[in-house]
Amino acid sequence: YRETDGLPMYEGQAIVQSTCGDGTFCHAPAAVGGDRFGTPAGLNFDVDLACIDASQDPTCAQPLESCEDGQTPTPYCERLAGLRNNQNQVRNWAEGMIQEIRSGTMPPGAAGRSVRNTIRWIRESDGGQLPSIDSSEGQEIVRNWLACQAPAIARTEAAPSAAQELEPCQSVDDEICVYSGPGDLPDPTWSGIYFGIMFTDCLICHGPSNDNDDQNPNNPLDGNIPGGASPAGLAALNLAGSDPADTSNWPAESWSAVVNALAADPGDCAGQGTLVVPFDPDGSIMIQKMRNVQTCGDRMPLGGSISEVRIQVVEEWIDQGALNN
C-alpha cells in the first residue's frame, strides 16, 4: 500500500504504475506530446485503480452499478474499461517489458527518473519498503507479476475498521476490490502539508530537475528530490527552495508562492484567482483543483488525485489562516 494514503496495489502493479508514467507521463493515456517523452501513442501501461475515493466520484459510491455490457457509461465504468485495456496492453508487451527493464533501457535514464513517483510503497507481508525497479528484487517482482498476467486491484473503499484494512471488499463485475490500508496524514501546518503532499505529489511538476541526495533527514522520499517533469508546470509555479541539496527550509521559502499568490502565466488560470486564500478554502484554486471543481485549467495533480481526508487537512490549515508554520 502507498505510505501517504493507504492506496492498495499488488507489488508489481505498484512498481510499474509508479515508474512508467503514473497516470501523467510516458505510458499514461493522458500523456500527449512532450509529456510522453517519445513513447508511441497508444502504448499505455497505466494500471491505476478505476475507483479510489467515492467522496470525489459519486459513481464509485455504493450501491455500485454494474459496468457489464457497456450499459452504464459512468466515469467509473469508463476508467474500469481503460484499466482492463491497459492490462491487455501490458500482457501483450510483457516479454519486451521485462527485457528492457533488465537491460536498463526502461525506464529511460534521466527522463525516466524525472517522472518517477518515489512515494514509498509498504509491503503488507513484513511492513518493509517495496524495492525500486532498479533493483534485482524489484525486477523479479515485475517479472512474476507479468508471468501471472498482470493482475490489478481495480477498486478500493475506506476500511470500516483497522482489522479490515487491505482485506477484500465486495466485487460487482469481477473487478478486484481491496479495502484501503493505513494512511499517514500530515499535520495541518504548512511544513506538514509541504512534505506530506506538495513534496510527494506536486513538486515533480512544480520543481526543477534535481539529482542531488537531499541532506534533509526528514525527506519523505528516502533522500530523492522530485522535479523536472514539466517545464510548463515549473514556469507557472515553483515550489522549490533555494538550496538544491537541502530541502529543510523549502516549506518556509515556498509559502509565499502559494499564499495570497495569484495564478500566474503560463498556466491556464493566470489572472483568474488566488492559489491559497487564507480563511477561505472554497475560494482557493489549490483546493478547487484538488477536488476537480475548478473553473480553469486541469485537476491537480495531473493524472492522479489527492484523497479527501488529505484535502481536508489542507482545508484545516487554510481555515486557520494559512500560516507559514
Q: Would you work out the relative contact order for the stretch 11-179, in percent, from Cα pairs under 8 angstrom that are 6 or more residues apart?
A: 27 percent
Q.
Among 314-322, 225-233, how do they line up by average Cβ neighbours within 10 Å per residue, starting with the highest?
A. 225-233, 314-322
Q: Using amide H atoms built 1.01 Å from N in the peptide plane, name the residues 5+ places from VAL259, or on other chains, whose amide H lies under 5 Å from its own.
A: none
(Q) Under 5 Å between amide hydrogens, which residues at least 5 positions from ASN292 or on another chain qualify, with H placed 1.01 Å from N in the peptide plane? (A) MET300
Q. FRET efficiency for GLN170 and ASP282, Cβ-Cβ distance as r, R0 = 35 Å, nearest 0.05?
A. 0.55
Q) What is the list of residues in the stretch 171-201 whose amide nitrogen lies under 18 Å from a point 7 angstrom out from the Cα of ALA162, following Cα to Cβ? A) 179-186
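Please report the net charge: other residues with Cβ closer than 15 Å to the Cβ of SER55, K and R +1, D and E -1.
Cβ neighbours under 15 Å give a net charge of -2.
If you add up the charges near TRP250, with Lys and Arg at +1 and Asp and Glu at -1, over every other residue whose beta carbon is less than 14 angstrom from its beta carbon, what do you get?
Around TRP250, the charge tally is -4.
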Q.
5 Å is the cut-off here: which amide hydrogens, built 1.01 Å from N in the peptide plane, fall below it relative to GLY273, excluding neighbours closer than 5 in sequence?
A. ALA263
**Q.** In nm, spacing of pseudo-spin labels at ASP213 and VAL293 (7 Å Cα→C-beta vector)
**A.** 4.6 nm
Q. Along the stretch 309-321, what does the Karplus equation 6.51 cos²θ - 1.76 cosθ + 1.60 (θ = phi - 60°) give for ³J(HN,Hα), rounded to whole Hz, x for Gly and Pro?
A. 5, 6, 4, 5, 5, 5, 4, 4, 4, 5, 4, 8, x
**Q.** Most to least packed among 134-142, 110-118 [average Cβ atoms within 10 Å]
**A.** 110-118, 134-142
Q: Calculate, in nm to one decimal, what THR74 and GLU95 gain on full extension: separation in residues at 0.36 nm each, minus their alpha carbon distance.
A: 4.2 nm
Q.
For the stretch 8-97, what does the relative contact order come out to in percent, with C-alpha contacts under 8 Å and a separation of six or more?
A. 22 percent
**Q.** J(HN,Hα) series, the stretch 166-171, from Karplus relation 6.51 cos²θ - 1.76 cosθ + 1.60, nearest Hz, glycine and proline x
**A.** 6, 8, x, 10, 5, 8
Q.
Rounded to the nearest 5, what % of DSSP beta bridges with both residues in the chain are antiparallel?
A. 40 percent
(Q) Give the list, by residue number, of cysteines in the chain with no other Cys Cβ closer than 4.7 Å, or say none. (A) CYS20, CYS26, CYS148, CYS202, CYS205
Q | J(HN,Hα) series, the stretch 58-68, from Karplus relation 6.51 cos²θ - 1.76 cosθ + 1.60, nearest Hz, glycine and proline x | A | x, 6, 8, 6, 7, x, 7, 6, 5, 9, 4
Q. Using 7 Å Cα-to-Cβ label points, what is the ASN238/GLU316 separation (nm, one decimal)?
A. 3.3 nm
(Q) Which of rounded, prolate or oblate describes the stretch 80-197 when judged by the alpha-carbon gyration tensor and an a/c cut-off of 1.5? (A) oblate
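Every read-out reported here was derived from the displayed coordinates using simple, explicitly stated rules and does not represent laboratory data. As the structure is a computational prediction, the values presented were derived from the model and not from experiment. Here the Cβ is made from the backbone with ideal geometry for all residues, glycine too, and neighbour counts use every protein chain on show.
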